[in-house]
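The structure appears right after this line, and notes come after that.
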Amino acid sequence: FPSHDRKVGASQLSSCISQGFRARDTEKKFTINKKRKSIKGKTGQEEYTINPVLEPILKSTYGIIVYQEQVMRLLNVVGKIPLKDCETIRKAISKKKISSFIKYKEKFIENGIKVLQVTREEVAEIWQNLEYFSAYGFNLSHATAYTYISSRQLYLKTYYPLEFFTALLMLEPIVTGK
């Protein structure tokens, strides 16, 4: 994991998963800004508020969309989109097909204004985050498995570097077929 996780005190598995998995994001600028916001919120350095309707969905990740499951719940709760359609959208997200769920945008925004009792711009920003997420989002089980493997590798690399790199070099011909 990135070095800042020690400073944050990643004490719970869910915290490790969300912090570690966001580190994989390809758009570094977005990740760094969001991560700083999340870390400052977690450590109490920065006040942040979450709309009471969104709190059950986003509280564990400090207001940041991290998992496909959160997207499905946001679409269902805020956009009043049926769960059957939310699953279709989730599948489109997993295949990186943004165009497949763009048709739900207006419905999401219109219902979101009523449900969240906020302006059109604020709901549009949530939708924009959903679109961004669709370019690089995974489900919680994938993030959990990734975090588990990464943490084990990090431990071995830190405390048993000779054995770790020896094993890595021995596996390379098996993996690449050379």
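The values are calculated or read from the model by the stated rules, or taken from the named source; none is laboratory data. Since this is a predicted model, take the numbers as computed values, not measurements. FYI the Cβ positions are ideal-geometry reconstructions off the backbone, even for glycines, and counts take in every protein chain you see. The protein model used for the area step is the full one, side chains on, heavy atoms only, and it has no ligands, DNA or RNA in it. Shrake-Rupley method; radii C 1.70, N 1.55, O 1.52, S 1.80 Å.
Residues that are over 18 Å from the mean Cα position of the chain (by Cα), within 19 Å of I50 (Cβ to Cβ) and surrounded by 13 or more Cβ atoms within 10 Å (Cβ to Cβ) do occur in segment 123-132, at least one of them. Between T119, T166, T158, which is within 27 Å of I50 (Cα to Cα), modelled with pLDDT of 90 or more, more than 24 Å from the chain's Cα centre (by Cα) and hydroxyl-bearing (S, T, Y)? Testing whether each residue is within 27 Å of I50 (Cα to Cα), modelled with pLDDT of 90 or more, more than 24 Å from the chain's Cα centre (by Cα) and hydroxyl-bearing (S, T, Y) leaves just T119.
For K84, the test of being open to solvent by 60 Å² or more (accessible area, probe 1.4 Å) and closer than 20 Å to I65 by Cα is failed.
The single condition from (1) touching an Asp or Glu at 6+ places or on another chain (Cβ under 8 Å); (2) farther than 20 Å from A92 by Cα that N139 fails is (2). Kindly evaluate K107 against the criterion of being of a type in the set (D, E, K, R), in contact with a Ser or Thr (Cβ under 9 Å, 6 or more places away or on another chain) and part of a helix (DSSP H, G or I). When the stated conditions are applied, K107 does not pass them.
Name the one entry in E106, E87, E122, E172 that is within 15 Å of M72 (Cα to Cα) and free of Cβ contacts under 8 Å to residues at least 40 places away in the same chain. Criteria check complete, one pass: E87.
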